[in-house]
Amino acid sequence: MSRQHTPQLAGLVLIAFFAVFPFVYSANDYPYIMHLLITGFFYAILASSWSMLAGYAGQFSFGHMGFTGIGAYTTALFCHYIYLSPEATNLCTEYAIGDQFLIFVNPIGVTSSTLSQDCLRQALSAWDGSVQVTAMPVWLGIILGTVMGGVFGLLIGLLVLPLRAAYLALFTLGFSEILRAAISAEIAITRGQAGIELPYLFDQGITLFGRHFDKTDKLPPYFVMFFLLLTCLGILAWLAKSKFGLFVRALREDQDAAAALGVNTTRYKVLVFVITSMMAAAAGAVMAHYVRIITPNNLMILQMSLVVAMAVIGGVENFVAAAIGAIIIEFTLELLRNSFEVGDIVIDMTIWRLVIFGVLLMITLRFSRNGIISPIINHFLRGHVAKETVAKRGAAAESAGGSS
Amino acid sequence: MEFPNIFWGVIGWMIFWAVVGSVITRRLYLHKDLDTSNAAFVGSMLGAAMGPIGLAALWLKTPELTNRLLVWPAVGAVTLIAAAFAFADPSNNCVANGSFVASQISNGIILGIIYGFMALGLTLIFSILGIVSFAHGEFYMIGGMVAYFVTTVWFPGIYPIVGILAACLVTFALGAAFERMFLTPMYDGKIERPVEYGILVTFGLAFTLQYFIQATVGANPVKARRFFDFPRLRLPTAEDPWLIKTSRGNMELFDTISISNPRFVAAVACVLVLLALLYFLHRTWTGKALRAVSLDREAAAIAGINPDRMNMLAFALGGMIAALAGSLLVQAFSWLPQVGAIPAMRSFVIVVLGGLGSLPGAFLGGIIVGLVEATGTGCVPDAQKAASYIPAYGMIVLTLTLLLRPTGLFGRRFSGGAHGKF
């Protein structure tokens, strides 16, 4: 086994470790650690897809969190407002599909608890339990959210075609802010800052490996997020190896030169936006169902800075490194969350850890442009190449010296 | 409140013809081998203002797109929207109530001057270094914090000008140090994509500064006392002060326009500093050197100007301008570590609208954005919704600018440095 296979081997070991971990780990803080891992995977998906967008294709978009929000809000609204009922309510907007009725609940905003009940609740209380209303399946919401992310990605990708660098960053930041403002303002539909609740990922619980898991168990969402991460990494790896990866990198280095050499820059620029925003939207939708509440604050620029920082510290030009960086940083940030005392002064690490993190981000950028984890991977992958090159150069120099 | 369909009809009509106009006009000008740089803008505005008739005339004649053709269709489109709005909702406060309109406009202009001043710092940094500083909002926040601590916590009763000067000094030093430590590798070609590096590293600075202040000061809002009280004025007579009436914290003009003291003081100070800045840029050697570097780096270097030093000066000066705006506004708003985010966004909008790197553009853009926000908050019928949408108004302006005329009002082409990259 040569050195260059070490990263692949390490990757397989890592995957195996994460696949087995929830079964063997059984300490008291099991739910906490599982929650950390799920959040870590979530950020890993975001960081790796952002590294494809920014590191590979050179499109420094600050709207990635916006796409997460689109995925999350699409599935939230879908599960919140659409139901199937065997009987007509005669109150809501409804359409007959076969012997069922597709019901669109009217939005009533945040005052639902007492004053004005929505049309479905009124119908339900009139039926008095005689009719069973079915909620929409969660997986359909997640798929819809992903598709919606793709549609918006297409739109943004088309709009930003003529924009580069700073203009692109500002435009995507603007998109994300408009989205956030709209979600906070349309209280009647999205409940604004109060946030909208979502059903459990598996509302009935699920039976896996002959064991029944309750809907509050962490293991099923863990595996859903884990497989989503693996799928995303797989797609990204495939894309990076195919001519797609080559073309987007050409686009990053010099858009005009790439176009002159026959790369369809329009298509690839739009395509990379669509793919990465679909990944972000899927991650956002799954995460929203796991956390079970989504507020417009999830789209804040702060969240975006976290993703950017994770990707940069991991290595923005290597999506695997970005993903690993995200998981490691999520863990470190959580572990640093305890306060300690120096003399009489209590140092509140919940804030200071973020300061340290910011300094780390700047120093990484300054002194190691490829992040911290990516050079380690490259060291193993390219080590032999460097050695060969040195040897060849030496030989060339020798022969050149000999001939002259 | 439901809007009559006619309003949405008019808006839909305008948007449709604007899109048609922008796309087809550009194609047509490209086809006829004419200058297309303003074609999309003129086409969309003419389409919005005059519909198919205007567009048909434009397409038939394809005239040269002069400044007059740039301005009037835009004015026409805005007027049309305003007219449709007034027609659709005649009882709205911002249609029926004249004094409300006057107050909104004057407030919009005053805030616009302050915004424009802050954006000036950003555009200065951009014109010299060729990067957009994402830490601009944090400099603004730190300026306010320093002014608050000096005037209210540490030395209560001291002249406010000391606090403002302290804020300027601290941020100037901070900006210079940051530039020396983190931005220098941009200049010598060691970094492949300097523009992206600049965005990311200032982004990191913003993150760090914001949490550093939150860790040291805490997350509770603070507020400085008023810097300056108005003298008591009653003009023309004490009995009937219809011209001007002041109390310590407020000023009322013509019985209708009410201007709060902190904002007025901030706007006046901004105008004064702006004049000083213009003097500095146009009359002193250093200022001229700064402008020379922004025009052409290499030529400036040949003429004996050290561009690296000018980079440091520009970054420090830009940050200081933001801090100055912050230290003037800390008496008007309550101050939090996160307070910089919205002004920073607004600055981005303004510099793009005015044209990245253009100083007069930043100032005019500031006033336009101030007016747009005042219109938005005043005219949207649902007050709560209007307030929630405040960050979006500017962003809509930004989006439209980038789509229709990416160079902004006074954009120019840059040469040298990181400018050639975009």
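Values quoted throughout were computed directly from the atomic coordinates according to the rules given, and no laboratory measurement underlies them. All values derive from a computational prediction rather than experimental measurement. Ideal geometry is used to build each Cβ from the backbone, glycine not excepted, and the neighbour counts take in all protein chains shown.
Assign one of three labels to the protein assembly as shown, namely rounded, prolate or oblate, based on the Cα gyration tensor with a ≥ b ≥ c the square roots of its eigenvalues; rounded applies when a/c is under 1.5, prolate when it is not and a/b is larger than b/c, and oblate otherwise. Walk me through the numbers on the way to the answer.
On the way: a/c = 1.39, a/b = 1.11, b/c = 1.25.
Rounded is the answer for the protein assembly as shown, as its axis ratio a/c remains below 1.5.
Multiply the residue gap between residue B:37 and residue B:396 by 0.36 nm, knock off their C-alpha separation, and tell me the result in nm, one decimal place.
Working: separation 359, 0.36 × 359 = 129.24 nm, distance 2.12 nm.
Net length gain for the segment: 127.1 nm.
Among A:279, A:362, A:65, the largest mean-square fluctuation in a Gaussian network model of chain A (Cα springs under 10 Å) belongs to A:362. Considering every alpha-carbon pair of the stretch B:115-195, the percent of pairs per 10 Å bin, from zero through the bin containing the longest distance, is 16, 41, 27, 13, 4, 0. Between residue A:348 and residue A:161, the distance separating the two model label sites (each 7 Å from Cα on the Cα→Cβ line) works out to 5.0 nm. Hydrodynamic estimate: the Kirkwood radius of the stretch B:5-90 over Cα pairs, inserted into Stokes-Einstein at 25 °C and 0.890 mPa s, corresponds to D of 190 µm²/s.
Rounded to the nearest 500 deg cm²/dmol, what is the calculated helix-only ellipticity per residue at 222 nm for the protein assembly as shown, with -39500 (n - 2.57) per DSSP H run of length n ≥ 4?
Working: 31 runs with 546 residues, N = 826.
Estimated from H runs of four or more residues: -22500 deg cm²/dmol.
Placing pseudo-labels 7 Å out from each Cα toward the beta carbon at residue A:104 and residue A:241 gives an inter-label distance of 4.6 nm. Convex hull volume per residue, computed on the Cα atoms of chain A, equals 228 Å³.
Ranked by the mean number of other Cβ atoms within 10 Å of their residues, highest first, the peptides A:194-204, B:282-292, B:351-361, A:17-27 come out as B:351-361, A:194-204, B:282-292, A:17-27. The simple Förster model, with R0 at 35 Å and r as the Cβ-Cβ distance, assigns residue A:14 and residue A:134 a FRET efficiency of 0.30.
The slack in the chain from residue A:215 to residue A:392, taken as 0.36 nm per residue of separation less the alpha-carbon distance, amounts to 57.6 nm.
In angstrom, the C-alpha Rg and Dmax of chain B are 23.3, 72. Straight-distance candidates among the aspartates and glutamates for linking to residue B:245, with alpha-carbon spacing under 15 Å and chain neighbours fewer than 8 residues away dropped: B:229, B:255.
Please compute the length gained on full extension between residue B:68 and residue B:225, using 0.36 nm multiplied by the number of residues separating them and subtracting their Cα-Cα distance.
Details: separation 157, 0.36 × 157 = 56.52 nm, distance 4.74 nm.
51.8 nm is the gain from fully extending residue B:68 to residue B:225.
Straight-line reach from residue A:269: taking Cα to Cα under 18 Å and skipping same-chain neighbours fewer than 8 places apart, the lysines in range are A:241, A:243, B:421. Return the distance in nm (one decimal) between the two label points of a simple spin-label model at residue A:121 and residue A:363, each offset 7 Å from Cα along Cα→Cβ. Going from the residue A:121 label point to the residue A:363 one covers 5.3 nm.
The GNM of chain A, with springs linking C-alpha atoms under 10 angstrom apart, assigns the highest mean-square fluctuation among A:380, A:223, A:42 to A:380. Counting every pair of alpha carbons in the stretch B:76-220, the share spaced more than 25 Å apart comes to 51 percent. The simple Förster model, with R0 at 35 Å and r as the Cβ-Cβ distance, assigns residue B:23 and residue A:261 a FRET efficiency of 0.80. Of all the options B:227, B:41, B:87, the one that moves most in a Gaussian network model of chain B with Cα springs shorter than 10 angstrom is B:87. Backbone phi angles across the stretch B:133-148, fed through the Karplus curve with coefficients 6.51, -1.76 and 1.60 (θ = phi - 60°), yield HN-Hα couplings of 7, 7, 9, 4, x, 6, 5, 4, 5, 5, x, x, 5, 5, 4, 5 Hz in residue order; Gly and Pro are listed as x.
By the Cβ distance rule (another cysteine Cβ under 4.7 Å), the unpaired cysteines of chain A are A:79, A:232. Here r is the Cβ-Cβ distance between residue A:399 and residue B:180 and R0 is 51 Å; the resulting FRET efficiency, rounded to 0.05, is 0.65.
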